[in-house]
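Contents: one structure, followed by commentary.
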Amino acid sequence: MTVLLELDQMSKTYGALRAVDDFALAVQEGEALAIIGPNGAGKTTVFNLIMNELRPDSGEIFLKGEAISSYPTHERVKLGIARTYQVPRPFAEMTVGENIRVGMLPDNLWKMVTEEAEEALETEIGRSVGFNNHQIAQRPSELAMGDLRRLELARTLAVQPSLLLLDEVFAGLTLGEIDQISELLVERKKHGLTYVMVSHDLRSMAPLVDRVIAISFGEIITEGTFNEVVNNKTVQEAYLGQ
């Protein structure tokens, strides 16, 4: 398998706190990876470093072997990396459909498509995460938290990423919504999507990932299959409170 994303000895400190400590990670193309750990373990910090929303104190990031540490966030998105946020960040003045369409904006005039084609695609993406036509026409202020999380996912899918970072994507969703999102991720993975997932919902996450990494205080405790990691004594002590 080809390494899609590599983090080489990444570190980030906040005063005396080492949020990420010499963190090394390789994500294979087509892989579904989970990062688990207690609150404050550094999971979201890793995502922020990958997207250049935080600058590392040391370390390098590579995408398909290309060093991207100096690339701004928008360049990393152009290269195919997208993410969701724990706190949804929609454009409040836009409808759900318009929020989705923002991710479809072309980089240049040669990529422009008809308005009808854009509307069809935004509707397709919206429906894929469970929105009906009425909801696609609503504004974010009219949506419940679970709907806002689905909008977060729809906006990232509109970018057509090759690597998707999912930060607590199941939080606030009903069991039916979780099932729908899970089916969508499985289908997208079959068509080449690579994703890295952070979630406290271990039950929902378990069937969706090939490999799990457990971290605590910014360091990797262990990695392996889901069962191997959650049954690890050190992980249970650090993460599960046992």
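The values are calculated or read from the model by the stated rules, or taken from the named source; none is laboratory data. No experiment lies behind these values; they were computed from the predicted model shown. Neighbour counts run over all protein chains shown; Cβ positions are idealised from the backbone, glycine included. Surface areas here come from the heavy atoms of the whole protein model, side chains and all, with no ligands, DNA or RNA. Shrake-Rupley method; radii C 1.70, N 1.55, O 1.52, S 1.80 Å.
Within the range 56-69, can one find any residue that is in contact (Cβ under 8 Å) with a residue 12 or more places away in the chain and under 29 Å from Leu173 (Cβ atoms)? There is no residue in the range 56-69 that is in contact (Cβ under 8 Å) with a residue 12 or more places away in the chain and under 29 Å from Leu173 (Cβ atoms). Of all residues in the range 1-22 being small (Gly, Ala, Ser) and in a strand (DSSP E or B), which is modelled with the lowest pLDDT? Only one residue fits best here, namely Ala19. The number of residues in the range 197-219 that are over 19 Å from Asp8 (Cβ atoms) and buried (at least 17 other Cβ atoms within 10 Å of the Cβ) comes to 10. A search for C-beta distances below 6 Å between a residue of the range 189-212 that is under 17 Å from Asp179 (Cα atoms) and any residue that is open to solvent by less than 50 Å² (accessible area, probe 1.4 Å) and assigned to a loop (DSSP other than H, G, I, E, B), counting only pairs 6+ apart in sequence or on different chains, returns Ser199/Glu168; Ser199/Phe170; Asp201/Phe170; Ser204/Phe170; Met205/Ser199.
Can you give me the number of residues within the range 136-150 that are part of a helix (DSSP H, G or I) and either touching a Leu at 6+ places or on another chain (Cβ under 9 Å) or free of Cβ contacts under 8 Å to residues at least 60 places away in the same chain (or both)?
From the range 136-150, those part of a helix (DSSP H, G or I) are 136, 140-142, 145-150; that's our starting set.
Okay, now just the ones that are also either touching a Leu at 6+ places or on another chain (Cβ under 9 Å) or free of Cβ contacts under 8 Å to residues at least 60 places away in the same chain (or both), so 136, 140-142, 145-147, 149-150.
Total meeting the criteria: 9.
Among the conditions (1) over 15 Å from Gly218 (Cα atoms); (2) open to solvent by less than 70 Å² (accessible area, probe 1.4 Å); (3) of a type in the set (Ser, Thr, Tyr), Thr44 misses just one, which is (1).
You will find that of Thr222, Thr194, the residue that is farther than 22 Å from Ala82 by Cα, polar (S, T, N, Q) and surrounded by 14 or more Cβ atoms within 10 Å (Cβ to Cβ) is Thr222 and no other.
Quick one: would you say Leu79 is hydrophobic (A, V, I, L, M, F, W, C), surrounded by 13 or more Cβ atoms within 10 Å (Cβ to Cβ), under 27 Å from Gly30 (Cα atoms) and at pLDDT below 95? Full working, then the answer.
Numbers: hydrophobic (A, V, I, L, M, F, W, C): yes; surrounded by 13 or more Cβ atoms within 10 Å (Cβ to Cβ): yes; under 27 Å from Gly30 (Cα atoms): yes; at pLDDT below 95: yes.
In short, yes.
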